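The values are calculated or read from the model by the stated rules, or taken from the named source; none is laboratory data. In this text, all values refer to a predicted model and were calculated from it rather than measured experimentally. Backbone-built Cβ (ideal geometry, glycine too); neighbour counts: all protein chains shown.
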Amino acid sequence: MHPKIAEDMSRVKEILREKGCIKDLDKVEESECLIPEGGKMIRPRLVTLAARLCGYDGTAHIDYAASVELIHNATLFHDDVIDSGEIRRGGKTLNVRFGNSFALLAGDYLMAKSFCLIAKCENPEILSAIADCFSDLVYGQLKEMDHDRDIDTPMDVYYKITDNKTASLIKTCLVIGGLLAGADQQTLNLLAETGSKTGRLFQIADDVIDYLAGENRTGKRRFHDVREGKMTMPAILLVRRCAPDERELFRTLLGKRDMAESDGMRIVTLLEKYKIINEIHAEYFRMHEDVTRLLGKINGNEFLPDFKALIDLIIGRLYSYTDKYLKDDGSEKSPGHE
Ligand code: FPP
Ligand code: MG
């Protein structure tokens, strides 16, 4: 990591340690930060790298970088209430530990803290970009709820959900960096497109991995999406391709909160039978190439290698889970991964 970015990240972590603690509560130890240390800090790094890539040399990117991490964690607290998530990052979620109301308010608390930081920086353009992002995040989540247990969810609706609930924040991180640096409109558009496409891939990967791996690898429960009635990309493609009796089986499992692990494995067998993972991989790989093309258009400086490496880290996560499927049929292997 570029030493300036490492320095920026340690300053961001200091702010998060302070803003992520809620003082004087009996339930939570005063020293317990609601934002766990040791995360990849993807979103703060995106803000910081975009700013520095566009030539920014001030200090406000630190506050914005901390604010997006606060927002991200707040959305996860809310998401775990909505999804009845029990395990995240390998530990019990706040809603399991202290109940839904506590988790929702803790999310609101982080949101408020993020706005304190954003307000301090007094940049109306960035404030407006973040406000748009908020409404996108909430809209994406509402749209997802609108299609709970809807076996006929179309792919364009899935993309709309993904682009709003996940890609919007990743896009906004890059746009914040560009705006801070006073980048021209063309650069801002390039950053926005790179962020949107990267964010879409991030969510697709998350949704595929939900079927392929569990707590010991992801820190989250396996098959959570199908148990919660979520029609994600693997499910949408599967019900399009499979036989009527298999579709009926899937329908009975969709939204079944107490679905057994063995039923989840029956779905995996169907995904294998219809080569759904291979199909997703091919589409994912094509979209990854789009992002690589966009990265090629960005004017570089000393921060470009870190920026490219971070985008690659975000996108490349999927390949270590899917490559085993590709060996079987000789499909093109993914770039630079095991
Ligand atoms: C995780 O999706 C959830 C999100 C990316 C966004 C959640 C957004 C909200 C709850 C609305 C906005 C919230 C606030 C506080 C204004 P997932 O369930 O697919 O991922 P997971 O597998 O990590 O749970
Ligand atoms: Mg969730």
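Screening GLY182 against (1) part of a helix (DSSP H, G or I); (2) at positive phi leaves a single unmet condition, (1).
Can you say whether VAL268 is within 16 Å of ligand 1 (Cβ to nearest atom) and either under 29 Å from GLY91 (Cα atoms) or in contact with an Asp or Glu (Cβ under 8 Å, 6 or more places away or on another chain) (or both), as far as the supplied structure shows? Steps first, answer last, please.
Details: within 16 Å of ligand 1 (Cβ to nearest atom): no; either under 29 Å from GLY91 (Cα atoms) or in contact with an Asp or Glu (Cβ under 8 Å, 6 or more places away or on another chain) (or both): yes.
Against the criterion (within 16 Å of ligand 1 (Cβ to nearest atom) and either under 29 Å from GLY91 (Cα atoms) or in contact with an Asp or Glu (Cβ under 8 Å, 6 or more places away or on another chain) (or both)), VAL268 does not qualify.
Would you point out the residue of region 74-95, among those that are more than 9 Å from ligand 1 (Cβ to nearest atom) and in contact with a helix residue (DSSP H, G or I) (Cβ under 8 Å, 6 or more places away or on another chain), that is modelled with the lowest pLDDT? Applying the filter and picking the extreme gives GLY90.
I'd like to know if region 206-228 contains one or more residues that are under 24 Å from SER320 (Cα atoms), away from ligand 2 (no atom under 16 Å from the Cβ) and not in a helix (DSSP H, G or I). Scanning region 206-228 turns up no residue that is under 24 Å from SER320 (Cα atoms), away from ligand 2 (no atom under 16 Å from the Cβ) and not in a helix (DSSP H, G or I).
Residues in region 291-301 that are in contact (Cβ under 8 Å) with a residue 60 or more places away in the chain and not in a loop (DSSP other than H, G, I, E, B) were compared, and the one that is surrounded by the fewest Cβ atoms within 10 Å (Cβ to Cβ) is LYS297. Determine if region 89-104 includes at least one residue that is more than 20 Å from ALA167 (Cβ to Cβ), within 16 Å of ligand 2 (Cβ to nearest atom), polar (S, T, N, Q) and buried (at least 18 other Cβ atoms within 10 Å of the Cβ). Yes - at least one qualifying residue is present in region 89-104. Of all residues assigned to region 266-284, none qualifies as being crowded, with 19+ Cβ neighbours inside 10 Å and within 16 Å of ligand 2 (Cβ to nearest atom). Summed over region 144-153, residues that are within 11 Å of ligand 1 (Cβ to nearest atom) and surrounded by 16 or more Cβ atoms within 10 Å (Cβ to Cβ) total 1. Within region 105-122, being of a type in the set (A, V, I, L, M), within 10 Å of ligand 1 (Cβ to nearest atom) and surrounded by fewer than 21 Cβ atoms within 10 Å (Cβ to Cβ) holds for one residue alone: MET111. A search for C-beta distances below 8 Å between a residue of region 12-25 that is surrounded by 13 or more Cβ atoms within 10 Å (Cβ to Cβ) and any residue that is of a type in the set (S, T, N, Q) and not in a helix (DSSP H, G or I), counting only pairs 6+ apart in sequence or on different chains, returns CYS21/SER31. Of everything in region 189-208 that's over 15 Å from TYR159 (Cα atoms) and surrounded by 21 or more Cβ atoms within 10 Å (Cβ to Cβ), which residue is farthest from the chain's Cα centre (by Cα)? Only one residue tops the list, namely LEU191.
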